[in-house]
Amino acid sequence: MPSLSLSLQQSIYVLLEEHPFSSALSFITTYFYFDWFGHKRYFGTISKVVKTQTDMIKGIEKIEGIASLADQNIKSFEAVFKPLFCYVPIEVTLKKQPDQIISRNIPNEKEWTTIGRCKRYLYKFDNPDWEKSTVVSVGSYDIKIGKYRIPEWSPTYWKWFRNHVDWFKSWHNTYTVTFIVHLSFSFFSESSFGVGKFLEPCWLVPAINMKNIQQSTKTMIIPSIR
């Protein structure tokens with residue numbers, strides 16, 4: 001999915017600079033929205049879906065003839081696990097040599113920072129949890145199903161907050177989209193009711209040099225998401 005247009009990005013940056021009250025309020029409400037509702041609910045919903053997917057994979061070993069199919073061509077199972085990429089970590093190993101990984105669907109650093117699906121799910125992909133993994137045996141192989149660790153919200157927010165150049169690279173960025181929605185409501189309230197005008201001298205847009213941001217958007221190349 002493509003990034004936001006450069007003109008739209010620059011318009012938003014101008015809005016942030018010219019309306020510090022709305023901007024500051026939007027940063028604050030975005031933080032607390034995810035802290036109180038979005039973050040836990042988002043990952044709670046995904047966890048339930050992951051459990052359903054895990055149960056479905058566990059049913060593979062009950063399919064008649066699946067063991068011989070696995071022994072003949074275990075690589076064919078990669079197509080089954082492809083839809084779970086960036087969603088559920090899976091490793092296929094030999095039963096007699098569990099340290100020998102035949103295949104896995106875990107994204108590398110380049111993939112989890114560029115592929116839309118990985119950016120959307122927002123997991124910590126670099127360290128899957130295998131401690132309570134589910135193991136499904138098919139033929140001479142074990143299919144190990146783990147879980148991606150859920151990131152803590154505060155470090156996640158501040159990482160997003162500081163990396164302003166990446167805010168608009170993709171519509172998959174859940175935090176940016178939520179922030180834009182909050183900013184729209186704040187700006188509408190300020191424009192319609194004059195909220196914040198008398199407070200603007202007391203507010204500062206948090207730790208962002210807007211002129212530098214605008215300048216960086218003029219020169220940077222924004223890639224499309226595959």
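Overview of results
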{"quantity": "Approximate spin-label separation V49-E111, in nm, with each point projected 7 Å along Cα-to-Cβ", "calculated": "1.8"}
{"quantity": "Rounded to the nearest 20 debye, dipole of region 16-96 from Cβ charges on Lys, Arg, Asp, Glu", "calculated": "420"}
{"quantity": "Distant-in-sequence amide H partners of V138 (H built 1.01 Å from N, under 5 Å)", "calculated": "I143"}
{"quantity": "For D35, net neighbour charge (Lys/Arg +1, Asp/Glu -1) across residues whose Cβ lies under 13 Å away", "calculated": "+1"}
{"quantity": "Difference of contour (0.36 nm per residue) and Cα-Cα distance, V181 to D99", "calculated": "24.8 nm"}
{"quantity": "Rough spin-label spacing in nm, given labels placed 7 Å along Cα→Cβ, for D71 and S137", "calculated": "1.4"}
{"quantity": "Computed E for I60/N127 - FRET, C-beta separation, R0 35 angstrom, nearest 0.05", "calculated": "0.85"}
{"quantity": "Volume in Å³ per residue [convex hull over Cα atoms, computed for region 59-149]", "calculated": "98"}
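No value in this document is a laboratory result; all are computed from the given coordinates. Everything numeric here is computed off the predicted structure, so don't read it as measured data. Methodologically, a virtual Cβ is constructed for each residue, glycine included, from the backbone with ideal geometry; neighbour enumeration extends over all protein chains shown.
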